[in-house]
Each structure stands twice: as C-alpha cells, then as structure tokens.
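Report on the structure given below.
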Amino acid sequence: MLKLYSFPGTVTLACQIALEEAGADYELVQVDFLQNAQRQPDYLAINPKSRVPALATDRGVITEAPAILTYIAHAYPDAHLAPFDDPFAFAQVQAFCAYLCAWVHPAAAHRHRGYRWADDAAAIADMRRKAPENFAEAAQLIEDEYLAGPWVMGEAYTICDPYLFTVAGWLPRDGIEMSRFPKIEAHFARMRARPAVSKVLAAAAH
C-alpha cells in the first residue's frame with residue numbers, strides 16, 4: 001500500500017486528491033510539524049529534506065509534489081490525469097506544475113517562513129510585507145494566461161487542477177481576496193464539488 005506523508009495546510013493536499021481521483025489504495029500518515037517530527041531520525045530516514053509530501057511506494061520514496069503527481073498519473077492511467085499520449089500537452093502540464101512549485105509556492109512561503117532565507121528581523125519583516133504582492137501577481141498571471149476551459153488544461157481534468165486548488169486555497173490566508181481572480185475562484189468552486197475533493201476535505205475536518 002502507498003503511504004502519503006502529510007501535514008495539514010501543505011501542498012500534500014494536491015497529492016491526496018490525486019490519489020483519491022485515481023482510486024488508489026493508500027494510507028495517510030500525518031507528520032506532526034508542531035512537534036518538529038519532520039526533523040526526527042525516523043522521518044529523515046524517509047525524506048532527508050524534512051518536508052512533506054513524501055510518497056512511499058514499493059520501490060522507494062518519491063518526494064516533491066510535481067513528481068508525486070506525475071507518478072500517480074502514470075501509475076493509474078485509467079484515471080486520465082495527464083495527457084501522456086500527447087508530448088506537447090504533457091509538457092504544458094509539467095510547465096504549469098513546475099511554475100506552481102518553483103515560483104508560486106515559494107512566493108507564498110516567504111510570508112510565513114522568511115526565516116528560511118534570512119536571519120535579520122528587518123529582512124524577514126520585508127519578506128512578510130512583499131510576499132502577498134508576489135503571490136497575487138502570480139495568481140493574476142494564472143488568471144490571465146491559463147484556465148481557458150473549466151480546468152487548467154481546458155476541457156480535460158489533470159493533475160494541474162488539484163495542485164492549483166491547493167495553492168489557491170492559500171490566497172485568503174495571505175490576505176488576498178480570491179474574488180480578485182474570477183476564473184480561479186470558479187475553478188476552486190468546481191474543485192470543491194468533485195467527490196474526491198469533498199471526501200478529502202471531510203476527512204481532514206475530523
């Protein structure tokens with residue numbers, strides 16, 4: 001059985017939704033960040049990066065959300081979570097996921113975790129001030145350039161969609177009104193209506 005290592009509020013949510021969409025048999029394992037469990041030897045043996053998500057498979061552990069999402073799409077082809085038969089379309093999926101991973105996620109993280117990049121209190125405070133501006137600019141780019149259809153890639157639901165849903169859910173946390181981005185807001189509502197998403201969110205609430 002797959003094991004997905006998680007902590008609430010993290011990008012692991014995207015991977016869990018994808019597992020549900022795929023109909024995968026998996027176990028969700030919570031890593032208690034409040035108790036610094038991610039830095040303890042037991043977890044470091046699973047993921048030396050001391051981060052989540054991590055997906056334990058029968059062949060080893062996969063880390064980083066884009067890699068995990070792609071693995072799920074490959075491992076469960078009947079779910080049609082990625083267009084593997086179209087190299088260009090699949091590259092577009094990868095490009096979108098890479099953008100969320102390489103820029104949008106760090107842009108949001110600088111507000112809450114500036115200590116990762118600086119020790120000076122003034123520098124950390126400046127990152128806290130600047131981060132929502134960067135996050136909003138990234139959301140505007142997604143609003144303007146993506147979501148041509150009901151889903152990120154148009155008519156086809158892909159691994160991009162739970163990933164965007166997860167990241168978009170952080171906008172209000174950073175004081176950014178989702179209503180500024182009507183397409184993202186509509187996508188967020190469509191995602192919440194999906195059975196797999198409803199199941200994951202309901203389980204998280206208990």
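Annotations
- Selection within region 191-206 - aliphatic (A, V, I, L, M), over 17 Å from Tyr26 (Cβ atoms) and without any contact (Cβ under 8 Å) to a residue 24 or more places away in the chain: Ala193, Ala205
- Lone qualifier among Ile159, Ile176 - being surrounded by 12 or more Cβ atoms within 10 Å (Cβ to Cβ) and over 15 Å from the mean Cα position of the chain (by Cα): Ile176
- Inter-residue pairs, beta-carbon under 7 Å, first of a type in the set (Lys, Arg) and in region 1-17, second in a strand (DSSP E or B) and surrounded by fewer than 22 Cβ atoms within 10 Å (Cβ to Cβ), 6+ apart: Lys3/Tyr26; Lys3/Glu27; Lys3/Val29; Lys3/Ala56
- A single member of Ile68, Ile124 is among the hydrophobic types (A, V, I, L, M, F, W, C), modelled with pLDDT of 95 or more and surrounded by 11 or more Cβ atoms within 10 Å (Cβ to Cβ), and it is Ile68.
- In region 20-41, the residue that is farthest from Thr10 (Cα to Cα) out of those that are of a type in the set (D, E, K, R) and part of a helix (DSSP H, G or I) is Glu21.
- Single match in Ala73, Ala82, Ala37, Ala95 (criterion: modelled with pLDDT of 95 or more and surrounded by fewer than 19 Cβ atoms within 10 Å (Cβ to Cβ)): Ala95
- With respect to the conditions (1) outside any helix (DSSP H, G or I); (2) exposed (fewer than 15 other Cβ atoms within 10 Å of the Cβ); (3) of a type in the set (D, E, K, R), Arg51 falls short on a single one, namely (2).
- Looking only at region 59-84, and only at residues there that are on the phi > 0 side of the Ramachandran plot and touching a residue at least 24 places away in the same chain (Cβ under 8 Å), the one that is nearest to the chain's Cα centre (by Cα): Glu64
For (1) under 26 Å from Glu133 (Cα atoms); (2) modelled with pLDDT of 95 or more; (3) of a type outside the set (Asp, Glu), each residue gets a yes or a no:
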residue: Ala148; (1), (2), (3): yes, no, yes
residue: Val152; (1), (2), (3): yes, yes, yes
residue: Tyr157; (1), (2), (3): no, yes, yes
residue: Pro162; (1), (2), (3): yes, yes, yes
residue: Thr166; (1), (2), (3): yes, yes, yes
residue: Ser179; (1), (2), (3): yes, yes, yes
residue: Ala186; (1), (2), (3): yes, yes, yes
residue: Lys199; (1), (2), (3): no, yes, yes
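The values are calculated or read from the model by the stated rules, or taken from the named source; none is laboratory data. Nothing here was measured: the structure is a model prediction, and the numbers come from that model. For neighbour counting, all protein chains shown are included, and Cβ atoms are generated from backbone atoms with ideal geometry for every residue, glycine included.
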